[in-house]
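K.L.:
After the structure tokens below, expect a handful of questions from me.
Please treat every number below as a calculation from the coordinates, not as lab data. On a predicted model such as this, the values are computed, not experimentally measured, just so you know. Cβ: placed from backbone, ideal geometry, glycine included. Neighbour counts: every protein chain shown.
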Amino acid sequence: MAAMSESLTIDVISDVVCPWCFVGKRRLGRALAMLPEVNAVVRWLPFRLDPTIPPGGIARADYLSKKFGSVEAAAPMYEQLTELAPAEGISFHFDRITRSPNTVDAHRLIRWAQQDGDADDMVERLFVAYFSEGEDVGDAAVLTRIAGEAGMDAATVGARLIGDEDREATVAEVENAYRIGITGVPSLILQNRLVVVGAQAPEIIVEAIGQALEGEPGAG
């Protein structure tokens with residue numbers, strides 16, 4: 001592996017309603033903990049699993065029926081995620097989710113948190129709000145409260161969410177992810193040269209980081 005003194009840029013393309021993205025976030029954290037000498041800068045980029053969801057979102061049962069054919073058809077995936085969740089320190093409560101939201105505003109919030117510094121805490125809070133607490137992360141009031149809990153000025157964030165600030169830029173970033181061929185998330189882009197697709201094990205991420213720092217082309 002290359003010398004660990006150089007910095008590492010990791011672009012994480014994900015959606016806040018993607019359960020595997022939550023798992024992937026935890027696994028990335030574990031991978032970076034295994035490489036304390038690496039100065040990693042993590043940037044969170046938006047993706048929409050379903051760009052057809054309207055601004056107000058849709059009922060969760062309707063979404064699952066549309067995507068899987070029925071609510072029951074999604075059960076095996078939920079069972080798999082629920083079984084692996086404890087190892088990742090995650091508590092999935094899929095039964096609490098009643099709406100599938102449009103996530104553009106959530107991504108705008110992540111964008112603003114990132115402009116203020118590190119968006120990791122904001123991303124974490126959004127994942128927990130949706131997957132553990134069953135909150136509607138497309139609702140402006142919910143997002144405003146989460147922003148306040150994360151240390152942002154809630155009143156200012158609420159006013160920004162009402163308007164269209166950074167909406168076009170956020171949608172453009174989503175479209176760019178589609179344009180460059182991202183079809184599954186999470187996707188990690190390391191040093192703008194190597195892509196790791198999926199919630200890979202920490203050891204695989206560590207290996208990919210080594211390849212990226214050595215300048216080796218490839219994809220995971």
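K.L.:
Mind checking the full-extension length gain between Asp153 and Glu175? Use 0.36 nm per residue of separation minus the Cα-Cα distance, one decimal, nm. Don't jump to the answer; show the numbers that get you there.
P.N.:
On the way: separation 22, 0.36 × 22 = 7.92 nm, distance 2.92 nm.
Result for the pair: 5.0 nm of gain on full extension.
K.L.:
Could you calculate the contour length gain from Thr82 to Asp116, that is, 0.36 nm times the residue separation minus the distance between their Cα atoms, to one decimal place in nm?
P.N.:
Values: separation 34, 0.36 × 34 = 12.24 nm, distance 3.34 nm.
Contour length minus Cα-Cα distance gives 8.9 nm.
K.L.:
In deg cm²/dmol and to the nearest 500, what is the mean residue ellipticity at 222 nm of the chain if only DSSP H runs of at least 4 residues count, each as -39500 (n - 2.57), divided by the residue total?
P.N.:
Values: 9 runs with 103 residues, N = 220.
For the chain, the value works out to -14500 deg cm²/dmol.
K.L.:
Now a separate question. Run the simple label-point estimate for Ser132 and Ala33 please: 7 Å along Cα→C-beta, distance reported in nm.
P.N.:
That separation, rounded to one decimal, is 1.4 nm.
K.L.:
Going by how many other beta carbons lie within 10 Å of each one, how would you line up Glu88, Glu37, Glu6, Glu124, fewest first? Intermediate values should be presented prior to the final figure.
P.N.:
Details: Glu88 18, Glu37 8, Glu6 11, Glu124 15.
Arranged by neighbour count, lowest to highest, Glu88, Glu37, Glu6, Glu124 become Glu37, Glu6, Glu124, Glu88.
K.L.:
Could you work out the local net charge near Gly151, counting Lys and Arg as +1, Asp and Glu as -1, over the other residues with Cβ closer than 10 Å to its Cβ?
P.N.:
Details: positive: none; negative: Asp116, Asp121, Glu149, Asp153.
Charge balance near Gly151 sits at -4.
K.L.:
Given R₀ = 25 Å, what would the calculated FRET efficiency be for Ala141 paired with Thr98, taking r from the Cβ atoms and rounding to 0.05? Show your work: numbers first, answer last.
P.N.:
Values: r = 15 Å, r/R0 = 0.62.
Once rounded, the FRET efficiency stands at 0.95.
K.L.:
What's the FRET efficiency of Ile204 with Thr9 using the Cβ-Cβ distance as r and R₀ = 22 Å, to the nearest 0.05?
P.N.:
Values: r = 19 Å, r/R0 = 0.85.
Using R0 = 22 Å, I get an efficiency of 0.75.
K.L.:
Report the residue, chosen from Ala61, Ala87, Ala129, that carries the largest GNM mean-square fluctuation when the chain is represented by alpha-carbon nodes joined by springs under 10 Å.
P.N.:
Per the Cα network of the chain with a 10 Å cutoff, Ala87 tops the list.
K.L.:
If you don't mind, there's one more thing I want to ask. If the label point is 7 Å along Cα→Cβ of Asp164, which residues in the stretch 117-154 have backbone nitrogen under 20 Å from it?
P.N.:
Only 139-140 fall inside the zone, counting backbone N under 20 Å.
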